[in-house]
Amino acid sequence: MAPAGRPAPAERIRPGRASPPCAGACRRARREPASGAQHAAGHHLKPVDQRRVAFFRGGDDGVFQRAVAAGGAEAARLADGGDQRLDQCAGLIGIGEQHFDHLIDRHRVMLGVPAVKIGHHGDGGVAKLGLAGQFGLGHIGHADHVAVPAAVEPALGQGAELRPLHRQVGAAAHMRHAQAGQGRLQVAAQARAHRVGHGHMGHAAGAEKAFLPRKGAVDELVGDDEGAGRQVGPQAAHGAERQHIGGAQCFECRDVGVHYGEHQAIRGVSLDFGLREITALIGPSGCGKSTFLRCLNRMNDLIPNTRVDGQVLYHGQDLYSEEIDPVQVRKRIGMVFQKPNPFPKSVYDNVAFGPRVVGMEGDMDEIVERALIRCALWEEVKDRLDANAFGMSGGQQQRLCIARALATDPDVLLMDEPCSALDPISTGRIEDLMTELKERISIVIVTHNMQQAARVSDKTAFFTVEMADGEKHRTGVVVEYADTTTIFTKPRDERTEDYVTGKFG
Amino acid sequence: MGIPSEDPMTPHRLLYQDEIARLQRDTLEGFDLVIAALDRALEALAHQDLELAELVVADDDRIDGRYLQIHQGVLSLFARQAPVATDLRLLAALLHVIRNMERMGDQCVNISKLIPVSGEKPPTDPQILSMLEEMGLAVREIVRQAMKAFETRDETMAADLAERDQKVNDLNRAIFRRALEVGNDLELREWAMTMTLAARCLERVGDNAVDVGEQIAFVVTGVFREFADASHGPVSKSE
């Protein structure tokens, strides 16, 4: 748990400032993360990064305004109206209420002012995540570092190191002690400086046929100033590979455990998820379903003091390998949350948001239309694409959020209680949608609604809580994993029987 | 101008509805298998065709398999989809209907197994053979009508099954009486006795079809009532 050497305070970024080229050094350093390269200011930001910076620096108005000036149209558009901007920040940063409070009240790290909170209820005391996983976008992806958006990172002089947070035990503690005056970037820099090695995250042996591009490879792609991320679009990233997905498994999880600080949230979870199947995770509150779900696209990286051990193989690749870029992970593995959380923007812009930020190529109108058609929303909104998404019903909003997640063409959709805020008709609509979507993608859904799991899923995993030391330590474990029909007609384990028949939980 | 809200009348839970439709289709196909078995059994009976009889016995596995498959499907829908109202009645009725289907298949097997019992070239009675043929056709017709009524949820057609079954019952009794009077030839009497058993099997198939009709009426009306009481004869529709 010993922190690594504390780096010199990073220079504050001034978005839009001309930067000398140093891509080569960056790349080198990224390949050698242990070197802890101190690559101070001077990273040139790609245009898209500049916009992200502008966007994420919303808290400090002065800086923000400068950023807007420098960052161009996208930032300006995002900034149209303080409340909206904050709203979006809240959504995009994707951190839960608790952590959000923490950030706002103590450090004003991101937003500087109390903004709209994300209304997820607590889940075992762990902050829930907002939108981040929905796109797997760079800016959010690298919010890996809790409050530090990706684009900020290179400018921190730390960009060379893109190690995920699961190695950053203690990051939050350091953030807590940071002085507001130091500025959020420095705070983050410090936080990231204190990385420690952790458990025994395995490496996928021989992942030559990489489903996710290696970090280095991504670098090659996005490092190109001219093409700023262009080639990372779905065509480039998996146009060819998708045809060659081998095997019937999408995820293979081996002995996955998650610690939040001292507390072990889940233990020994070994589940395989079938390709183009719907897998439901059910169980009583606090049994770690959502925690486990978040392991599947490294969303737990975003929670400080979190340690993930065990192995998560995604198409045979170790998701937590050093070589894997969490940005790519979240791009391929989208997420939809409990409460519909569209941006206060037009329907069109909501769907186009992800593709724009990752710099997807192609006709944006077509991308938007395709995503909306896939979500069975097109007929309802095709004449109102410029209407504000907030004018939609809850069910429509949730389908819009799914469309938004689908717009970047993910391979897997993780759904964390996607219908719990919806009425039965809308719920039915979403469930039908899931069934249609599974022709092309794999879905893992966490639900409190057992009937929903029963209705939509092909396989069901039942989690429960094991108590140790009285009731002091509650750890989630998997009790039974089987075909959904089996779980609901002839479960093997008595605890499953008791749960599905409503005798407990 | 807001966004038009979703139309609540658009059908949904499509997969569930598909699944119910599939189970119904599978059941009707099961009855097709039954009719094929019945045709073969009757032909084997008429021509003392042992090979064909064996085929009927072997083929019954398909009907049994169909029974198990639909049974599993219905249980799965109960567990997963929480069916209510008409869906619930239909699925509950299906459990009965497939049991009747499976029993009909078994009766065809029973008929087929009687064929070797009656010997290779037994003396036969043309009157009994003719009545059996008539009975077979009547039973076949009843099963067809039950399928049709099930497919179209036609309560009237379902109730009519009991009336038609009366003819089958009458033929069954007639065959029994004829067997009593068939003569003194021991072998002929043995054959005639065996044919009464076959007639009994056919009569049971007819009863099963009537039971299917009762289930159809239950699906449609939500009330279960027997069309015919074994001890009181068929109930007229005015009751």
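To keep it simple, each residue is scored yes or no on (1) touching a strand residue (DSSP E or B) at 6+ places or on another chain (Cβ under 6 Å); (2) at pLDDT 90 or above.
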position	(1), (2)
A:V368	no, yes
A:Q398	no, yes
A:L406	no, yes
A:D409	no, no
A:L414	yes, yes
A:P418	yes, yes
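Among the helices (runs of 4 or more DSSP H) contained in segment A:389-505, which hold 3 or more residues that are within 12 Å of another protein chain (Cβ to nearest Cβ) and either among the acidic types (D, E) or within 20 Å of A:A371 (Cβ to Cβ) (or both)? Working first, answer last.
Details: elements: A:394-406, A:424-437, A:450-456, A:484-489, A:494-500.
Result: A:394-406, A:424-437.
Conditions (1) under 14 Å from the mean Cα position of the chain (by Cα); (2) farther than 26 Å from B:T196 by Cβ; (3) assigned to a helix (DSSP H, G or I), marked per residue:
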| residue | (1), (2), (3) |
| --- | --- |
| B:L33 | yes, yes, yes |
| B:A37 | yes, no, yes |
| B:R62 | no, yes, yes |
| B:Q69 | no, yes, yes |
| B:Q72 | no, yes, yes |
| B:A92 | no, yes, yes |
| B:I111 | no, no, yes |
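Being within 14 Å of another protein chain (Cβ to nearest Cβ) and crowded, with 24+ Cβ neighbours inside 10 Å, is that true of even one residue in segment A:259-279? Yes.
Identify, please: which residue in segment B:43-60 is among the acidic types (D, E) and in a helix (DSSP H, G or I) and is, among those, nearest to the other protein chains (Cβ to nearest Cβ)? So that I can check it myself, show each step before the final result.
Filtering segment B:43-60 down to residues among the acidic types (D, E) leaves B:43, B:49, B:51, B:54, B:59-60.
Filter once more, keeping what is in a helix (DSSP H, G or I): B:43, B:51, B:54, B:59-60.
Numbers: B:E43: 40, B:E51: 40, B:E54: 36, B:D59: 28, B:D60: 26 Å.
Among residues in segment B:43-60 that are among the acidic types (D, E) and in a helix (DSSP H, G or I), the one nearest to the other protein chains (Cβ to nearest Cβ) is B:D60.
When A:P491 is tested against (1) within 27 Å of the chain's Cα centre (by Cα); (2) surrounded by fewer than 24 Cβ atoms within 10 Å (Cβ to Cβ), only condition (1) is not met.
Residues in segment B:87-106 that are farther than 26 Å from B:L42 by Cβ, away from every other protein chain (no Cβ under 14 Å) and charged (D, E, K, R): 1 in all. Please work out if A:G268 is closer than 30 Å to A:V500 by Cα, out of contact with any Phe, Trp or Tyr (no Cβ under 6 Å at 6 or more places or on another chain), in a strand (DSSP E or B) and assigned by TED's automatic domain parsing to the domain that holds A:T447. Considered against the rule, which asks whether it is closer than 30 Å to A:V500 by Cα, out of contact with any Phe, Trp or Tyr (no Cβ under 6 Å at 6 or more places or on another chain), in a strand (DSSP E or B) and assigned by TED's automatic domain parsing to the domain that holds A:T447, A:G268 comes out as yes.
Scanning segment A:453-473 for residues that are over 27 Å from the mean Cα position of the chain (by Cα) and modelled with pLDDT of 85 or more, we see that the one that is farthest from A:A248 (Cα to Cα) is A:M467.
The residues of segment A:371-388 that are more than 8 Å from every other protein chain (Cβ to nearest Cβ) and in contact (Cβ under 8 Å) with a residue 24 or more places away in the chain, listed by number, are A:A371, A:L372, A:R374, A:C375, A:A376, A:L377, A:L385, A:D386, A:N388. Among the residues of segment A:462-503, those that are hydroxyl-bearing (S, T, Y) and in contact (Cβ under 8 Å) with a residue 24 or more places away in the chain comprise A:T464, A:T475, A:Y481, A:T484, A:T496, A:Y499. If I filter segment B:75-86 for residues that are assigned to a helix (DSSP H, G or I) and more than 14 Å from chain A (Cβ to nearest Cβ), do I get at least one hit? Yes, there is a match, as at least one residue in segment B:75-86 is assigned to a helix (DSSP H, G or I) and more than 14 Å from chain A (Cβ to nearest Cβ).
Exactly one residue out of A:G246, A:G286, A:G227 is modelled with pLDDT under 90, closer than 28 Å to A:Q338 by Cα and part of a loop (DSSP other than H, G, I, E, B), and it is A:G286.
If you filter segment A:295-312 down to residues that are within 10 Å of A:V258 (Cα to Cα) and part of a helix (DSSP H, G or I), you find that the one that is modelled with the highest pLDDT is A:C295. Would you check if A:P355 is away from chain B (no Cβ under 14 Å), in a helix (DSSP H, G or I) and either at pLDDT 95 or above or under 15 Å from A:G334 (Cα atoms) (or both)? Considered against the rule, which asks whether it is away from chain B (no Cβ under 14 Å), in a helix (DSSP H, G or I) and either at pLDDT 95 or above or under 15 Å from A:G334 (Cα atoms) (or both), A:P355 comes out as yes.
The values are calculated or read from the model by the stated rules, or taken from the named source; none is laboratory data. The structure displayed is predicted, hence computed values, not measured ones. Because the Cβ atoms are built from the backbone with ideal geometry, glycine has one as well, and the counts that use them run over all protein chains shown.
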